[in-house]
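Each reported figure results from applying straightforward, stated rules to the coordinates on display, with no laboratory input. Bear in mind the structure is a predicted one, so any value in this text is a computation, not a measurement. So basically every Cβ, Gly included, is an ideal-geometry build from the backbone, and we count neighbours across all protein chains shown.
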Amino acid sequence: MAAVSLCKRCWKRNGIAKPAKTEVVKEQDCRLCLGSFLRIADLGSKAVAAIDKSPGAETFSVGTRLTKDSERYEEDVWGIVDLTKAESVKGELNREIGKWVEKNSKYKFNPDPHVRMTVDVMMGGVETQVASIYLYGRYRKLKRGVRQTKKEGSDEQSIEAAIEAPLLKIIKGQKAVLHGCVTGDTKILLNECACNIEDLQNKYSEHEALCYDESKKHLDKSQIVDWFGLKSKAFKLRTRETGREIIATTEHPFFTKGGMIPLANIKAGNFVAVNPTIRECLPQYSTKEILTADQLKKAVKQHVPVIGKGVLKELDKKGLLPLKENDTRVSIFSRLIGFLFGDGHVKVIRNRDVALEFYGQMTDLRTIQMDLKRLGFYSRISNHRSPGSEILDYYGNVKTIKSTVSYRLSCYSKSLWVLLVALGAPVGNKIKINLFIPRWILSSNRLVKQEFLSALLGCEIDKPRLDKRQYNKKSFNTPRFSMNKIERNLDNGLRFIQSISDLLGEFDVCTLPIRKVPYSTRKDGEKTIKLVLDISNEYLNLINMWKNVGLRYCKDKETHSAYALEYLMLKRRVVERRQSLFEKAKKSAKEGRRLSEIHSELNSKLISKKNLWLWLRRSIKKENIKVPNGFPNFDVWMKTAVEGLSDGLVWETVESIEPIGKMKVYDITVPAKNNFFANGFLVSNSGREDIDVIMAGKGRPFVIEIVRPQIRRFDARKAQLAINKSAKGVAAVEALKFCDKNKVEVIKRAKFDKTYEATVEVDKPIAKSDLQKLPNSVALAQRTPLRVVNRRADLIRKRIVKRLDSIWIDKTHFKLIMTTQSGTYIKEFINGDEGRTQPSVSSMLNRKAKCADLTVTAIHSEWLEDFW
């Protein structure tokens, strides 16, 4: 840019002296302001007309939109005249239009306005965003069987509908909203894989969602307790680093550096937390049988000649025989077998006793232990020391092996042992025996294959490491999978590793030829060969490896692979953008444009003039284009990308937020952590009470949003009376008052103690004196209830019943009044759930007790009232 051409107004606004070789032009010819200040009255009158279309609005704010050419020109001017402080054209336009609107209308400027306007200076159009009204209150649910939120396409009663109808009549709003939602094709990260949220409608209770524990800063999993859908206006959020996208409503909270914030309060340039790893979508399962009782007996006959009836009875009781592909536990079996091919040992002791052993770090073994609990089997973890020793290498030279300390998880269940062996787990010394990937895995769906590979590679593959041969630290070393085999069984080892390579190929992961490395000489004189399978370290191949397959049962490797995956996806996006610029440059060159013209036309920091010259003058192929020299190396990128996060989560920058229009959206409730991952973004959800529970007392706190209201001034007390009259017999609202949208997040994340009143029925006569056995308070250990243990994490939750009172009714009935911590299983506390809740009312009274009906009499939200 040889000279600067500006109007007098633009020179004055920036407070700069005219440099040499400049030109002063008329305002209407100025490339910077485009003569927009000559049209203030016209633009201001259009802004007033736009506010007039929003009845009830009293305040406004103004934003403007210029052409991209004007914005780029402004940056060029600032660079040429070396300005460090300057006011943009937009800043002055916003102020001037705002002053005109205030002077010529009844509306007043406010930074938190009723109407936000964006004025398109060139086209003359005005976009408006009408601020919602937020009301806080408490509701009581007076009828059982009533949902909290509306269900799309259903006429079922709900608290949301009962409150919404009279409010919309008074305020004349577009709709009322209690929850934030995402679109149906949004992928929710489950414990095993990803699933479109709309596909969870009838099976959400069968799965656990992946979530994030903010206090402990690690990934966790939680049951899904509810699902719903509705129609609402949605927006698309896109990130700069990887182009990750999600469509959500404005009230849906995202995890940012400032905590959970609704989408409406997020702007371009803000950071949002994402999980780079999105596994395969939930497949369509078939009902074919993987294993029957007869097949099981035949498969293990060589190891255990006789299988007792107790083994088959236990497997039948757990619903594991016959085992079908549509059983959600099949994924667990697949990854357990994968681990046993690596750092596991399937033992037979004296032809009678058996054992399953898993070796690794404590964190990883606890994950395996939790999977075994989900299957219903007990295991224990102990220290394991491998003493130092001296061995002979392949050529007879002495090598010293240092002692190591790790952990061992042991399971002595014969039922599980028999089942895993029948499914193909290797028995004995894997260096000597023949190894084969189980046929049922090879013929199963992609998720089962993925679980097998990810667990096996989690044991045996290298942790992602930077290529030390390159000083820029922008590439990664070749990951290696290896195993040892004695020479006389080398052919089987080669076939097994080739089958691993073929399986990786199904996930678009390329491998190099298998290498044979002489390794050791055993005590019995047999020599072993290390077979090495190298995975191509081409960055697109590594993306497929860590994204399509991933790693399991090794947290350290899993976390580092997530960071490496995010970095390489950023690298891919930059390369793709440069390749796009390359094609544009080639096209412009063919049209006869000069180098400087092409560079100015591309206007990108991703390409310098020198690079552009090389592209045009040399025969460079599109596929050979790499990241620019200024691209950060991995270590530099990590310093800011993971700051304050852990367990593989990274920050991505919001590039844009665009309106999409009205569409069907969905939400789920994950009560344990109140968050989940949608398209990789960490987002929040909302809690709600069970559909069959009465909500009495002062009621549950809530915030309801009225979208595009036409009336902003009204009496909240009269609105409350209208709601209670309309919802008579279903719900009642108290303490209704105005609040701001920041209170939405407080309500969504709040956890309260609750007081219940339950009618209890017992199987044996009970006297008033018997009730004295019940303590005034009690600490509980509640294992996941039997009714959901097959589809939810089998955990032991510590809860406290802070108050416990009883009232005798008759010989077989009495009332319990109890105050408990949030998340206590009340019905299981009463009936004991076959000993899974300890202690229970049943155990303390020595009678079978059950809950006849249950009412929430109080939610202890006093601190929230003080907060308000």
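Summing charges over neighbours of G388, with a neighbour being any other residue whose Cβ is under 13 Å away from its Cβ, gives +2 when K and R count +1 and D and E count -1. Calculate the FRET efficiency for T118 and K203 from the Cβ-Cβ distance with a Förster distance of 41 Å, rounded to the nearest 0.05. Given R0 = 41 Å and the Cβ-Cβ separation, E is 0.45. What net charge is computed for the residues neighbouring T820, neighbours being all others with C-beta under 10 Å from the C-beta of T820, Lys and Arg scored +1, Asp and Glu -1? Local net charge: +3. Fully extending the segment from S215 to L602, taken as 0.36 nm per residue of separation minus the present Cα-Cα distance, adds 134.7 nm.
Between Q838 and H303, the modelled label-to-label distance comes to 3.1 nm, taking each label 7 Å out from Cα in the direction of the beta carbon.
Looking at segment 547-615, the GluC sites (Glu not before Pro) that sit in a DSSP loop and have at most 13 other Cβ atoms within 10 Å of their own Cβ are E591. The trypsin sites (Lys or Arg not before Pro) of segment 524-567 include none that DSSP puts in a loop with a beta carbon having at most 15 other beta carbons within 10 Å.
Residues whose amide H falls under 5 Å from that of L780, counting only those 5 or more places apart or on a different chain, are R799, I800, V801, with hydrogens built in the peptide plane.
When you filter the trypsin sites (Lys or Arg not before Pro) in segment 238-313 for DSSP loop state and at most 12 other Cβ atoms inside 10 Å of their Cβ, you are left with K267, K288, K301. Computed from label points 7 Å out along Cα-Cβ, the spacing between I620 and K850 is 7.6 nm.
Shape annotation for segment 289-427: C-alpha extents along the principal axes are 52, 32, 24 Å, from largest to smallest.
Over 29 Å apart at the Cα level, from the set K639/K664; K221/K432; K203/K236; K99/K236; K449/K621, are K639/K664; K221/K432; K99/K236; K449/K621. What the Cβ-Cβ distance of K590 and R95 gives, at R0 = 60 Å and to the nearest 0.05, is a FRET efficiency of 0.80. Full extension of the chain segment joining D393 with R65 gains 110.8 nm, where the gain is 0.36 nm per residue of separation less the Cα-Cα distance. Using Cα-only point scatterers and the Debye equation, what is log10 of I(q)/I(0) for segment 558-641 at each q in 0.22, 0.26 Å⁻¹, rounded to two decimals? So the normalised log intensities work out to -1.01, -1.28. Convex hull of alpha carbon positions in segment 29-140: directionally averaged projected area 9.7 nm².
Across the options Q28, L210, I657, the greatest Cα extent toward the positive end of the charge dipole of the chain (unit charges at beta carbon of Lys, Arg, Asp, Glu) belongs to L210.
For F109 and T653, the difference between the fully extended length at 0.36 nm per residue and the C-alpha to C-alpha distance is 192.8 nm. Of all lysines in the structure, the ones whose alpha carbon falls short of 26 Å from that of K725, not counting any fewer than 8 places away in one chain, are K141, K143, K150, K151, K169, K172, K175, K698, K737.
With R₀ set to 25 Å, the beta-carbon distance separating D29 from E576 gives a calculated FRET efficiency near 0.05.
A value for P(r) over Cα pairs in 20 Å bins from 0, in percent was derived from the coordinates, and within the list (1) 14, 46, 32, 8, 0; (2) 12, 35, 33, 17, 3, 0; (3) 11, 36, 37, 13, 2, 1, 0 it appears as (2).
Ordered by packing density, taken as the mean number of other Cβ atoms within 10 Å over each peptide's residues, highest first, how do 694-702, 511-519 rank?
Top of the packing list down: 694-702, 511-519.
Excluding T64 itself, calculate the net charge of residues whose Cβ lies under 14 Å from the Cβ of T64, where each Lys or Arg counts +1 and each Asp or Glu counts -1. For residues surrounding T64, the net value is 0.
For the chain, the mean residue ellipticity at 222 nm estimated from helices alone is -8500 deg cm²/dmol, where every DSSP H run of n ≥ 4 contributes -39500 (n - 2.57) and the total is divided by all residues, rounded to the nearest 500.
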